[in-house]
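Accompanying notes for the structure given below.
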Amino acid sequence: MVAEALNGLLWRDKEENLYKGFKVGSNNVDVSILQYADDTIFLGEVTMENAKAIKTILRTFELVSSLKINFAKSGFGAFGVTTQWKQHATKYLNCGLLTFPLVYLGIPIGANPRRRHMWDSIIQKCERKLAKWK
């Protein structure tokens, strides 16, 4: 239910054109948020307006839910912009700068998916699980 509130805040900002999501595929499907358990990943255009919207969303979420965002455990990452811009955004958001590739839930993020070695750890985990089922 708490995750739904965060999702609702983001969708409100999107409707008011305060946040622009990331377009995926030939149909330009808008992907703006991924949530798993207590983890949230915002996806969107790399703009300072989006960074400001994220900060406002998270602060509003804290006030409404009485929960605290742990910015020390939070990170910001972006593709296609300068390191200086990323450092400015992380300072504004008061979080750490992510370096790519990184591993999230056992999946490499930001690595080249065409490279076989990127999938090795995932294949090994699947093989171990299959061995247990035998």
>> Per residue of the range 21-37, what does 6.51 cos²θ - 1.76 cosθ + 1.60 with θ = phi - 60° give for ³J(HN,Hα)? Whole Hz please, x for Gly and Pro, Karplus curve as stated.
In response: x, 9, 8, 10, x, 5, 8, 6, 5, 7, 10, 10, 8, 10, 10, 9, 6
>> Under the rule of at least 5 residues apart or a separate chain, name every residue whose amide H is placed under 5 Å from the amide H of G44.
In response: F22
> How would you rank C95, C126, going from fewest to most other Cβ atoms within 10 Å of each one's own Cβ?
Replying inline: C126, C95
> How much of the calculated P(r) for the chain lies past 26 Å, in percent of all Cα pairs?
Replying inline: 32
>> Taking amide H atoms as placed 1.01 Å from N in the peptide plane, list the residues 5 or more away in sequence, or in a different chain, whose amide H sits under 5 Å from that of Y104.
In response: I109
>> Please list, in order along the range 91-108, the HN-Hα scalar couplings obtained from phi with the Karplus expression 6.51 cos²θ - 1.76 cosθ + 1.60 (θ = phi - 60°), rounded to whole Hz, x for Gly and Pro.
In response: 5, 4, 7, 6, 9, x, 9, 7, 10, 10, x, 10, 10, 10, 6, x, 10, x
> If you look for lysine pairs in the chain that are eight or more places apart or on different chains, how many of them have Cα atoms under 20 Å apart?
Replying inline: 19
>> Can you give me the angle between helix 2-15 and the longest principal axis of the chain, using Cα atoms only, in degrees from 0 to 90, rounded to the nearest 10?
In response: 60
> Okay, which of the range 22-45 sit inside 11 Å, backbone N to the point 7 Å along the Cα-Cβ direction of L105?
Replying inline: 34-41
> So how tilted is helix 48-65 from the main axis of the chain? Cα-based, degrees 0 to 90, rounded to 10.
Replying inline: 90
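Taken together, the values in this text are just the output of simple stated rules run on the coordinates, not laboratory data. These numbers come from a predicted model, not from an experiment. Counting neighbours? That spans all protein chains shown, and the Cβs are built from the backbone with ideal geometry, glycine included.
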